[in-house]
Each structure stands twice: as structure tokens, then as C-alpha cells.
Amino acid sequence: MATNELSSLFTPFTLNGITLRNRFVMPAMQRGRCSRGMPTPQMVDYYRRRVEGGIALVIGESAAVDHPSSTQQEGAAHVFGRALDGWADCIQAVKAAGGEMLLQLWHEGAVRKQHAGGLYPDYPSLSPSGLVQAGKSNGRAATLAELDEIREAFVRGALAARAIGAAGIEVHAAHGYFLDLFLWAETNRREDGYGGDEIRDRARFPAEIVAAIRAATGPDFIISFRFSQWKEVDFSARVVDTQEQLRTLLSILRTAGVDIFHASTRRLHEPAWPDSTLGLAGWTRALSDAPVIAVGSVGLDVDLMDNLFGQEANPTGRTGLLETAQRLERGEFDLVSVGRAVIGDADWVRKVEQGRWSELKPFRREDMLTEWEMDFVLEAHGQR
């Protein structure tokens with residue numbers, strides 16, 4: 001059993017009638033285990049093992065929505081066509097092991113690379129303004145007609161997830177992908193009411209997607225919204241500069257139908273603003289009435305990107321997790337995502353619960369991202 005000082009991490013949590021047995025979430029992470037978009041039996045076993053090891057909620061890896069511009073990655077998951085059979089197997093395995101599952105809906109945006117092996121090699125990469133970051137372009141700006149198509153693709157993905165038994169979906173609007181490029185002023189210079197200097201305008205299209213999913217799936221289907229300040233091409237990027245801008249963003253999305261926010265940071269405990277000890281998750285919880293999932297190097301002493309650039313990540317052990325538990329007890333967030341630690345050790349949650357600190361494993365970059373993702377990040381930072 002967990003010690004009293006960590007017991008808050010092992011209390012149940014209920015959202016939209018779904019009760020999770022503890023506060024640990026496995027976030028969406030690309031594992032490269034799909035065959036033409038379909039999760040393989042190896043991926044089914046991968047998710048099942050993490051739930052058997054203690055994870056309460058699994059968020060499936062980024063699954064491309066059904067639009068020609070969504071992705072060209074050969075190993076990427078899809079959330080349409082034959083891929084749904086593989087996702088159904090994953091969901092069934094997770095539930096049988098005592099967990100719940102969300103599917104993450106994703107579109108690469110300007111990050112997408114065109115190549116001959118993809119489904120639509122001649123279709124351009126789309127984004128709000130054709131920008132990956134200021135001064136760096138790829139593809140072109142999506143037309144209003146294409147935005148309508150992409151919105152409907154997200155809705156079809158959500159309906160498909162509901163039909164195969166998922167508890168809900170997560171809208172991926174973080175890390176420099178399509179919807180995040182709408183939120184980021186540097187990459188959204190549209191002048192048609194969907195972009196510009198005001199966060200209210202930049203949030204309009206992501207909010208329309210959320211509202212359309214809510215209308216199609218009903219009130220009980222869980223909608224998570226993952227967002228970030230940092231981008232894989234710019235660690236210091238800011239979607240919002242002030243707490244008031246964050247309040248506006250959260251209010252728009254909450255009104256549209258978001259049930260829970262997934263606030264992505266490189267380091268969970270890092271203050272979002274210099275005048276506060278609260279991280280991005282803490283501020284999200286303080287400025288909204290929605291529950292929040294926190295994430296950022298939980299259980300490891302090196303963040304994801306430093307890990308990618310060659311530093312080995314070692315377990316923080318009891319000390320690091322004690323601070324996370326204390327922040328949860330203070331109401332800064334409701335659930336905790338654990339990524340790399342759980343990739344490397346399927347039984348990580350169970351070991352923490354039982355205080356088996358000496359058995360926790362370090363994490364190497366070779367265990368982390370797919371080859372495509374590693375190439376993209378290294379190239380973006382001049383390492384390739």
C-alpha cells in the first residue's frame with residue numbers, strides 16, 4: 001500500500017460517470033507500433049501491461065484524423081478505416097485490465113512532411129498561415145472550405161472512438177501541431193476571424209472543433225483538451241502571455257464543451273509566471289472550473305527534450321513524487337500524467353505504490369520517440 005504521504009495519488013477520481021482507481025494517467029506518446037495506421041497486437045499488449053502495472057487512464061497515441069493533410073508518417077496511428085479494429089482491441093484490453101481509455105485526435109499541420117510512401121504524397125501540408133514558426137514555412141494556409149473538412153474529420157474521429165467503446169477523446173492542440181498553430185500568435189496571422197493578435201480569435205477554430213464534437217457525441221462523452229506553451233521547434237514559445245489571456249482561452253474552450261484540460265509542460269513544477277509558484281496546470285485549475293491533468297517529467301530528473309539530446313533521466317524516487325502529491329493535495333491539479341517512466345517500466349505505478357524505490361529504472365532517449373520524431377526535433381534545433 002502507498003505510504004500516507006503519497007496516498008492522495010492513489011485515491012479514486014470520477015469524471016462524467018467514469019471512476020478511475022487512482023490519479024495516474026499514461027499520456028499519448030508515439031511508439032511507432034502501427035501498421036498502415038492500425039495498432040498492432042504489440043501495441044494492444046503494451047497498453048494492457050501499463051494498466052496491469054497500475055495506470056488508471058490510458059490516452060492512446062496521437063491518431064491522425066481522416067483528412068489528406070493530417071499525416072504522412074508511415075508508422076503513425078489513424079482513427080478511421082481499418083485502424084478502428086486495432087483501437088477496439090486496445091480499448092477492450094485496457095478495460096479488461098481495470099482501466100479506461102481515451103483516443104487522442106491529431107493533425108500534424110505544418111510539421112507534416114511530404115514523402116512518396118504516405119497516403120497522400122501530393123496533398124499539401126496545411127496550417128493556419130503556412131508557418132511552422134516565424135520565418136519558417138511549410139505547405140500553405142488552409143482555406144475556409146478545408147477548415148470545414150478538417151472540423152468534420154475530428155467529429156468523425158470522435159464518433160468512431162465512441163462507437164468502439166472509448167470513454168472519450170483528447171483533442172491534441174499542443175507542441176506545434178495543427179490546432180496549436182492556431183493558438184500561437186507567431187504562426188496564426190489569419191485575417192478572417194480565425195487568427196491575429198487576440199487569443200479569442202486564435203482560439204475560435206479549436207473551440208469550434210470541440211463544440212462540434214460535443215454536439216455529435218452528447219453530454220457524457222469525455223472531451224480532454226491538451227495544450228502547451230512550449231513547442232518542439234521553440235521551447236520558449238508562449239500561447240498566452242498573461243494569466244488573463246489564459247483565463248479567456250480556458251473559458252472559450254470550457255464553454256465549447258471541454259471536460260478536462262491536459263496542461264503540457266516540460267517540467268511539472270516549473271512556475272508558469274515569475275510572480276507565482278504555480279505551474280501551468282496549477283494556473284489552469286485556478287482559472288477554470290474544469291479538472292486538470294498535469295504532466296512534465298514526473299518521476300524523472302531530466303525533462304523530455306534534454307533526455308532527447310542525450311542526457312540519461314534517472315528516477316527522482318520518493319522525494320520528487322512527494323512534491324507532486326503535495327501539489328495535488330493543494331488542488332493544483334486532479335490527475336498526473338507519467339510518460340517516459342511508464343514507457344520504460346510497465347510496473348512503475350505499482351512499484352511507487354509499494355515503495356519499491358530501488359527498482360525504478362533510468363530512462364534513455366533510445367526508449368523514447370519514434371525515429372521520425374527524433375529526426376524532426378533534432379533538425380529543428382540544428383542537430384541534423
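What the table below lists for this structure:
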| read-out | value |
| --- | --- |
| Rounded accessible area of residue 329 (nearest 10 Å², 1.4 Å probe) | 110 Å² |
| Degrees, to the nearest 10: 83-96 long Cα axis against longest axis of the chain | 20 degrees |
| Charge dipole (the stretch 76-191, unit charges on Cβ, about Cα centre) - positive-most of 154, 90, 181 | 181 |
| J(HN,Hα) series, the stretch 344-358, from Karplus relation 6.51 cos²θ - 1.76 cosθ + 1.60, nearest Hz, glycine and proline x | x, 8, 4, 9, 4, 4, 4, 5, 5, 4, 8, x, 8, 4, 5 |
| DSSP-defined antiparallel bridges as percent of all bridges, the chain, nearest 5 | 20 percent |
| Accessible area of the chain belonging to carbon and sulfur atoms, whole % at 1.4 Å probe | 47 percent |
| Gyration tensor verdict on the stretch 133-259 (Cα atoms; rounded if a/c is under 1.5, prolate if a/b is larger than b/c, oblate otherwise) | prolate |
| Antiparallel %, DSSP beta bridges [both residues in the stretch 91-232], to 5 | 15 percent |
| For residue 136, solvent-accessible area (1.4 Å; no DNA, RNA or ligand), Å² | 80 Å² |
| For residue 132, residues with placed amide H under 5 Å, excluding near neighbours | 137, 138 |
| Separation of the residue 220 and residue 143 label points, Cα + 7 Å toward Cβ, nm | 4.2 nm |
| √(5λ) per eigenvalue of the Cα gyration tensor, the stretch 15-144, largest first, Å | 31, 16, 12 |
| Potential extension, residue 123-residue 243 segment - 0.36 nm per residue separation minus Cα distance | 39.3 nm |
| Average projected area [Cα convex hull, the stretch 192-291], square nanometres | 6.9 nm² |
| Karplus 3J(HN,Hα) series, Hz, for the stretch 335-342 with 6.51 cos²θ - 1.76 cosθ + 1.60 (x for Gly, Pro) | 10, 10, 8, 10, x, 4, 4, 7 |
| For residue 226, solvent-accessible area (1.4 Å; no DNA, RNA or ligand), Å² | 20 Å² |
| Local electrostatic count, residue 214, Cβ distance below 13 Å [Lys/Arg +1, Asp/Glu -1] | 0 |
| For q = 0.11, 0.13, 0.19 Å⁻¹, Debye-computed log10 I/I(0) when each Cα of the stretch 67-189 counts as one equal scatterer | -0.40, -0.55, -1.02 |
| Percent RCO, i.e. relative contact order, over the chain, from Cα pairs under 8 Å lying at least 6 residues apart | 16 percent |
| Dipole of the stretch 57-135 [Lys/Arg +1, Asp/Glu -1 at C-beta], most positive-end residue of 57, 135, 109 | 135 |
| Filter on 113/231; 113/361; 95/351; 95/231 - keep pairs with C-alpha separation over 23 Å | 113/361; 95/231 |
| Nearest 10 degrees, 0 to 90: helix 371-380 Cα axis against the chain principal axis | 70 degrees |
| Heavy-atom accessible area per residue - the stretch 48-99, 1.4 Å, Å² | 29 Å² |
| Amide H contacts of residue 35 (H built 1.01 Å from N, under 5 Å, at least 5 apart or other chain) | 40 |
| Helix-only CD estimate at 222 nm, as mean residue ellipticity for the chain, using -39500 (n - 2.57) per DSSP H run (n ≥ 4) | -10000 deg cm²/dmol |
| Percent of C-alpha pairs per 10 Å bin, the stretch 126-194, short to long | 19, 45, 26, 10, 0 |
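The values are calculated or read from the model by the stated rules, or taken from the named source; none is laboratory data. If you're wondering where the values come from, they're calculated on a predicted model, not measured in any experiment. So basically every Cβ, Gly included, is an ideal-geometry build from the backbone, and we count neighbours across all protein chains shown. For the accessible areas, the whole protein counts, side chains as well, though only heavy atoms, and no ligand, DNA or RNA atoms are used. Shrake-Rupley method; radii C 1.70, N 1.55, O 1.52, S 1.80 Å.
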